[in-house]
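The values are calculated or read from the model by the stated rules, or taken from the named source; none is laboratory data. The structure presented is a predicted model; accordingly, all values stated were derived computationally and were not measured. Here the Cβ positions follow ideal geometry from the backbone for every residue, glycine too, while neighbour counts run over all protein chains shown. To get the accessible areas, we keep the full protein, side chains included, count just its heavy atoms, and leave off ligands, DNA and RNA. Shrake-Rupley method; radii C 1.70, N 1.55, O 1.52, S 1.80 Å.
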Amino acid sequence: MVPAIIAQVVVPRLANWCAVYTSDNSGPLRLVYLWHADEARIDGLREQLAEMDIDAADTRVTSTIHLPDSQVLAVPLTARGRGLGMMCLGRPDRFPDEVIQFAEDIGRRAALAMDNARLYAQQAAANRALQRSLLPPNEPEVPGLDYGVIYEPAGEANEVGGDFYDLFKAGDDSWRFAIGDVCGTGPEAAAVTGLARHTLRLLAREGYGVAAVLGRLNQAILEEGERARFLTLLHGDITPVPDGLEVRLVSAGHPEALRLRASGKVEAVTTPQSLLGVFHEVMFEADTIHLDPGDVLLAVTDGVTERRSGGRLLDDDGGLAKLLAECAGLSARAVAERIRRGAADFASEPSADDLAIVVLRAR
């Protein structure tokens, strides 16, 4: 967009035409935008420029190049000591000194805008890569389980940290799931997110129960010192049994998990306990529930329960339970999508918070 804006600014005020070249990692200059006051002449000008040796121009200082019917002013695009490309202006007569000064000032401003855009894009790409590294590498097949997961980070750059989920095999006949929310965003929150997910997997595979895992994770977070962040977490294990699924789970300061019976009845199934990263001396106890075939267990982060419309939250007066009650008979994926859509439709403005939804349904 910046090259296009450059051309619209200088043509026809300073020149008859403008060509903007950029380079990647000090590579050859590449024409990225061309504009002429007479649009009918753009194709012919493009052919002329293709024959011009633009790489011979000095990219450090403003210089002139001659074409058959134009004098060309080549202005370097330099920002933070790095050459980004070249802005070429063409007109039939010579460029007055004041026009050259204007062109150089525009070149400096344009180069800074281009460099800012590149830095932003690099940061956004790094954030997305880090976010992906904090999500499960794969989702396992669990006998007797139909599951659905939705994860939507908030913000254009999808800043890392925030919400996370996991579903993984912990033993021969046992699987674990987790859904959590780290206080804050950015690298500090991402560090706690990574610590939590890897600690859960490691201790689960060492045979620690869900309550013991949370106790050890709490200590690990507190040992981070000033880098520590509060964390709400729902962690459970899933064991297939002949008549459905047995689930043991602990809710550490997390929004309560809900069970939807095949009959349409909805009930909370977790006991609220201390969130992680606050108290050293805290003991966790697991709740045990049974999912008959067709029963659904729903776990969400506060991006769902605290979705705000004016002075109301989605979960006021049991709003989440009412949404879930409408999902009897649906697949796990359909339930997750129905909850996501309900949260999105609750308010007209986009959500400013991450959102994670985990749905477990006994087949």
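Being touching a Cys at 6+ places or on another chain (Cβ under 9 Å) and modelled with pLDDT of 95 or more is the filter here, so list the residues in the stretch 222-265 that pass it.
Those that are touching a Cys at 6+ places or on another chain (Cβ under 9 Å) and modelled with pLDDT of 95 or more: Thr232, Leu260.
Within the stretch 55-64, how many residues turn out to be farther than 17 Å from Phe95 by Cα and either among the basic types (Lys, Arg) or open to solvent by 30 Å² or more (accessible area, probe 1.4 Å) (or both)?
Step one: list which residues in the stretch 55-64 are farther than 17 Å from Phe95 by Cα, which gives 55-60.
Within this subset, residues satisfying the condition of being either among the basic types (Lys, Arg) or open to solvent by 30 Å² or more (accessible area, probe 1.4 Å) (or both) are 55-56, 58-60.
Residues flagged as farther than 17 Å from Phe95 by Cα and either among the basic types (Lys, Arg) or open to solvent by 30 Å² or more (accessible area, probe 1.4 Å) (or both) within the stretch 55-64 amount to 5.
Give the number of residues within the stretch 6-54 that are open to solvent by 70 Å² or more (accessible area, probe 1.4 Å), under 18 Å from Val99 (Cα atoms) and not in a loop (DSSP other than H, G, I, E, B).
Number satisfying all stated conditions: 1.
Taking the stretch 65-81 as the region of interest, how many residues are surrounded by fewer than 22 Cβ atoms within 10 Å (Cβ to Cβ) and under 14 Å from Ala111 (Cβ atoms)?
Counting residues in the stretch 65-81 that are surrounded by fewer than 22 Cβ atoms within 10 Å (Cβ to Cβ) and under 14 Å from Ala111 (Cβ atoms) gives 5.
Restricting attention to the stretch 187-214, which residues are under 12 Å from Gly171 (Cα atoms), in contact (Cβ under 8 Å) with a residue 12 or more places away in the chain and surrounded by fewer than 18 Cβ atoms within 10 Å (Cβ to Cβ)? Break it down stepwise before answering.
Pass one, the stretch 187-214, residues under 12 Å from Gly171 (Cα atoms): 201-209.
With the extra rule that they be in contact (Cβ under 8 Å) with a residue 12 or more places away in the chain, the set shrinks to 201, 203-205, 207, 209.
If the condition is that a residue be under 12 Å from Gly171 (Cα atoms), in contact (Cβ under 8 Å) with a residue 12 or more places away in the chain and surrounded by fewer than 18 Cβ atoms within 10 Å (Cβ to Cβ), then Arg205, Gly207, Gly209 are the ones that fit.
Give me the residue from the stretch 215-235 that is surrounded by 16 or more Cβ atoms within 10 Å (Cβ to Cβ) and of a type in the set (A, V, I, L, M) and, out of that set, farthest from Leu355 (Cα to Cα).
Looking at residues that are surrounded by 16 or more Cβ atoms within 10 Å (Cβ to Cβ) and of a type in the set (A, V, I, L, M), I get Ala220.
Restricting to the stretch 332-359, count the residues that are touching a strand residue (DSSP E or B) at 6+ places or on another chain (Cβ under 6 Å), open to solvent by 50 Å² or more (accessible area, probe 1.4 Å) and not charged (D, E, K, R). Walk me through it before giving the result.
Here is the first cut: in the stretch 332-359, the ones touching a strand residue (DSSP E or B) at 6+ places or on another chain (Cβ under 6 Å) are 332-333, 335-336, 339-340, 346-347, 354-359.
In the following step, the residues that additionally are open to solvent by 50 Å² or more (accessible area, probe 1.4 Å) were identified as 333, 340.
Checking the rest, the ones that are also not charged (D, E, K, R) come to none.
Residues that pass the stated criteria total 0.
Could you grab me the full set of residues in the stretch 252-282 that are among the hydroxyl-bearing types (Ser, Thr, Tyr) and in contact with a Phe, Trp or Tyr (Cβ under 9 Å, 6 or more places away or on another chain)? Spell out the reasoning first.
Here is the first cut: in the stretch 252-282, the residues among the hydroxyl-bearing types (Ser, Thr, Tyr) are 263, 270-271, 274.
Ser274 - this is the single residue of the stretch 252-282 that is among the hydroxyl-bearing types (Ser, Thr, Tyr) and in contact with a Phe, Trp or Tyr (Cβ under 9 Å, 6 or more places away or on another chain).
Hey, could you check the stretch 112-157 for residues that are surrounded by fewer than 17 Cβ atoms within 10 Å (Cβ to Cβ) and among the hydroxyl-bearing types (Ser, Thr, Tyr) and say which is nearest to Gly244 (Cα to Cα)?
For the stretch 112-157, the residue satisfying everything is Ser133.
Test each condition in (1) modelled with pLDDT under 95; (2) farther than 19 Å from Asp146 by Cα for Ser174 and report the one that comes out false.
Of everything listed in (1) modelled with pLDDT under 95; (2) farther than 19 Å from Asp146 by Cα, Ser174 misses just condition (2).
List every residue pair whose Cβ atoms lie under 7 Å apart, where the two residues are 6 or more positions apart in sequence or sit on different chains, the first residue falls within the stretch 262-289 and is of a type in the set (Ser, Thr, Tyr), and the second residue, located anywhere, is in a loop (DSSP other than H, G, I, E, B) and open to solvent by less than 50 Å² (accessible area, probe 1.4 Å).
Taking only residues 6 or more apart or on different chains, the pairs are Thr270/Ala257; Ser274/Gly253; Ser274/Val282.
Is one or more of the residues making up the stretch 258-276 over 27 Å from Leu330 (Cα atoms), open to solvent by less than 30 Å² (accessible area, probe 1.4 Å) and of a type in the set (A, V, I, L, M, F, W, C)?
Yes, there is a match, as at least one residue in the stretch 258-276 is over 27 Å from Leu330 (Cα atoms), open to solvent by less than 30 Å² (accessible area, probe 1.4 Å) and of a type in the set (A, V, I, L, M, F, W, C).
Go through the stretch 245-256 and give me each residue that's open to solvent by less than 10 Å² (accessible area, probe 1.4 Å) and assigned to a loop (DSSP other than H, G, I, E, B).
Here is the first cut: in the stretch 245-256, the residues open to solvent by less than 10 Å² (accessible area, probe 1.4 Å) are 245, 247, 249-252.
Selection gives nothing.
Among all residue pairs at least 6 apart or on different chains, which show Cβ distances below 8 Å where the first residue, located in the stretch 83-101, is of a type in the set (Asp, Glu) and the second is in a strand (DSSP E or B)?
Asp93/Gln71
Among (1) under 23 Å from Gly329 (Cα atoms); (2) surrounded by 15 or more Cβ atoms within 10 Å (Cβ to Cβ); (3) without any contact (Cβ under 8 Å) to a residue 60 or more places away in the chain; (4) out of contact with any Asp or Glu (no Cβ under 7 Å at 6 or more places or on another chain), where does Ile238 come up short?
The single condition Ile238 does not satisfy is (3).
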